[in-house]
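Written out below as structure tokens is the structure these notes cover.
A short reminder: the numbers here are calculations on the coordinates, not readings from a lab. Just so you know, these numbers come straight off a predicted model, no measurement behind them. Ideal geometry is used to build each Cβ from the backbone, glycine not excepted, and the neighbour counts take in all protein chains shown.
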Amino acid sequence: MHRSLGDRTRSPWPRSLGAAGLGVLVVLAVPPTVAAATAPARRTTAPPDVTELAADYVRARTGNAAERALTLGMHTAKAIPAFARKYSLPCSACHTAWPELNVFGQRFKDQGYQLGNDRDSPIWQNPAYIPFAVRTTPQWRMERTTDQPVDDGAGGTVEKTLTVSGFDISGADLLMMGTLYKDISFGFVPTLEDGEGVGIEAAFVRFDNLFKSPWANLKVGKFELDNMLSEKRGMNLSGEGGPYQSYHFLAPGDATDFGLGDNQIGAEWQGHSDNSYTRFTAAVLGSTDGVPGLPAGKSYDLYGNLSQAFDAGRLGVQRIGLYGYLGRRPTTFLQTPGVSPEDIPGTGSDYKTFSRIGAVGDFFLGNLEIIPLVQHAQDPVELTSGTKDAEWNSGLVELHYYVNPQLVLTHRSELVRMSQQVDPAEANNYGDTDAFTFGYRWYPIMLSRAGLAVVGELSFTKTIGTVLLSGNGVGIEPADHATAVHGTSVLLALDFDF
Amino acid sequence: MRLTILTAAAGLGALILATSPAPTSGQAMQPHHAGNAAAGKKEYRRYCVGCHGKAGDGMGENAMWIEPRPRDFTSAAFKCRSTPTGTLPTDNDLYNSITRGFVATNMPSWLPLSQTTREDLVAYVKTFSGRWQAGPGTPIAVPAETPATIESILKGRETFQKMECWKCHGPAGHGDGPSASTLLDSKDNPIRPYNFAAGSRFKCGSTNEDLYRIFMTGVDGTPMPSFADNLQPEDAWNLVHFLRTLQPLQTPEATLWQAWLPSHASELTPIGPQE
């Protein structure tokens, strides 16, 4: 017996920061009953045709929203004062403003969290030293979403603007990263989420400078993709402004279980020049989007990037890069016999390929950092509920103005535009997303032992016919696919690590 | 779409190939311009202040945890110079120190910073002491290296014994000579002799020329003196060749030595105190 793809479930994943917490709320707002009601009928013949797949994929748009929210659940961030303690360097040595890395921090990371001073092995450290840091973010936040369907008290529905606000806390990242020995580094990041339990955000070992070459570094385990624009090191934390839409957007009717911002499980080959101005990464990854456990099929995903930095004198160091991700997913499965058939792990077949490809820059004009990103995405029709491939383009510009090392003003404008709907009957702009974020991060404490950032953010989003990608605590899509849903996030937070 | 991707990838690849290869951390880089001290102050606050302190006196918030202690720029005594002992280093010397870092210390290589940033830091470091009004010393001449042979290595070994290098650096160059535990720097802080067997490079560079220069200029602020008045250039090059055999690296000198030693070990007089 075969079952076609469509009722794939994913393990709920602990999430750490504000936006991630919002993702939980979205999931909660889409209770299992919704998913059950929209679960596809199991097929008894194979292989499926498009019509059958479409039937299988009567995945409610709310279901998609939940899926998207789950992919956002990985939005945690890194700033690791354990390194500052080990090497007695201030935060600003490695970070433009933590958690974002500067060129020196990028090289430190590329060298396997080593300075290369022949004192990197833990054997040189005081025995009391442990590579351990914690980051969490108490906060007050407000989330507002327009056009939310609610019960009108008479058996029908009416759309209203919903606002929720209050004090909250993010989960906690327990950041353990360092060296096991010279040229052998590790990372282990369990995450705690109140009421959600414990997850493993990252767990890897990396062998650095293989063959005594900086071009040969092998990392195995679960880790963030080597995205030049790292979401884990993003400056923004709010519900609407924290995640990169480009990294998590899925077209309406699209059920591909993937987010470029999600940590993945696999093996990564990374190389860099001595100063890390030239960098490349090639990775083979499991096809589970980072969820532990063996995949449903036997396919692997591929990720690669290449970037080059240039010394532009007093303007700073500029960098440009390209990246691409090719994923494969099975669309049919063998199932156990009986009235309640179950998928048999590893028996997936009829693989289909999806892709993300993009270009990114990181430019400095003195104190102003400009980060543009453009991306094209394509998911095959077999992984959607429609009759055509889902295709879309996205782009963003992020600005950081460093007033001084202890104060940074941030802004991001991001657009997602559908170029091909899975359902040709839908309007061209169904699913289009605009997101704008303004914020500041002030670091009254920025020592080599601990850091505290006072954060303020204001974010706006507009989505056509879909729920907000980052979730707003409600996350029910409007009945009319032409409706523009507006979301607003306000975040006031104390982001600290020690 | 695929054509666009391939074109973009090819373009980026060509751009990378057209870019000069990045210098290795062991290579000296030359600053192009005099730095801007005012701009350097901002960078100093970002990268250097934690160890060297706002006043440049080596008393940053982390100084008490660091050994060897951070450099005190107010005294303007610098370890790595191309200039004679007791004189100020050139801008190139400071620039190279920032770029290279110091092995076996907390001073990392700041190679990734832009050249301008490093030049600005040099300019700002020079504002901490009035000594800089006198200007730097004149770089010493480094004569052409003599060929590395078994004979030169053996002569260098004799020099290592004769000049009593072993008293601090130890008979095998492990930094464990009889005087090692008594050494103090110019601030009376304990300081360890360099361990040739553990380091992947020298304090002031990684080439034979760098090592030659260390003998002849000394390492100011430490007990390592200048041997400019005691060693002839040929003797210094011989010593360079011998010290190369003590490193855990496959240097040409080490290759020669390892091939020669097994059949001649009994001919060698042990290094250390002579009866």
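Laid out as a table, the results:
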| item | result |
| --- | --- |
| Positions within the range A:245-287 being touching a strand residue (DSSP E or B) at 6+ places or on another chain (Cβ under 7 Å), outside any strand (DSSP E or B) and over 30 Å from A:PRO214 (Cα atoms), in sequence order | A:GLN245, A:SER246, A:PHE249, A:ALA251, A:GLY253, A:ALA255, A:THR256, A:PHE258 |
| In the range B:87-102, the residues that are part of a loop (DSSP other than H, G, I, E, B) and buried (at least 24 other Cβ atoms within 10 Å of the Cβ) | B:PRO89 |
| Top-ranked residue in the range A:308-334 [being under 30 Å from B:LYS41 (Cα atoms) and buried (at least 23 other Cβ atoms within 10 Å of the Cβ); ranked as farthest from the other protein chains (Cβ to nearest Cβ)] | A:ALA309 |
| Count - residues of the range B:115-133 that are in contact (Cβ under 8 Å) with a residue 12 or more places away in the chain and away from chain A (no Cβ under 14 Å) | 9 |
| Which listed residue is part of a loop (DSSP other than H, G, I, E, B) and away from chain A (no Cβ under 13 Å), from B:PRO136, B:PRO112, B:PRO108 | B:PRO136 |
| Whichever residue in the range B:218-275 is β-branched (Val, Ile, Thr) and under 17 Å from the mean Cα position of the chain (by Cα) and, among such residues, is nearest to B:ARG69 (Cα to Cα) | B:THR222 |
| Any hit, the range B:198-212, residues being assigned to a loop (DSSP other than H, G, I, E, B), surrounded by fewer than 18 Cβ atoms within 10 Å (Cβ to Cβ) and within 14 Å of chain A (Cβ to nearest Cβ) | yes |
| Matching entry among A:ASP254, A:ASP274, A:ASP289 (being among the charged types (D, E, K, R), buried (at least 23 other Cβ atoms within 10 Å of the Cβ) and over 19 Å from A:GLY221 (Cβ atoms)) | A:ASP254 |
| Qualifying residue in the range A:223-235 (condition: crowded, with 24+ Cβ neighbours inside 10 Å and on the phi > 0 side of the Ramachandran plot) | no |
| Residue that is farthest from A:PHE186 (Cα to Cα) [pool: residues in the range A:105-125 that are assigned to a loop (DSSP other than H, G, I, E, B) and more than 9 Å from chain B (Cβ to nearest Cβ)] | A:GLN125 |
| Residue within the range B:37-58 that is crowded, with 16+ Cβ neighbours inside 10 Å, facing chain A (nearest Cβ under 10 Å), over 21 Å from the mean Cα position of the chain (by Cα) and outside any helix (DSSP H, G or I) present | no |
| Search result, residues across the range A:366-395 that are of a type in the set (A, V, I, L, M), within 23 Å of A:THR410 (Cα to Cα), away from chain B (no Cβ under 13 Å) and surrounded by fewer than 22 Cβ atoms within 10 Å (Cβ to Cβ) | A:LEU368, A:ILE370, A:ILE371 |
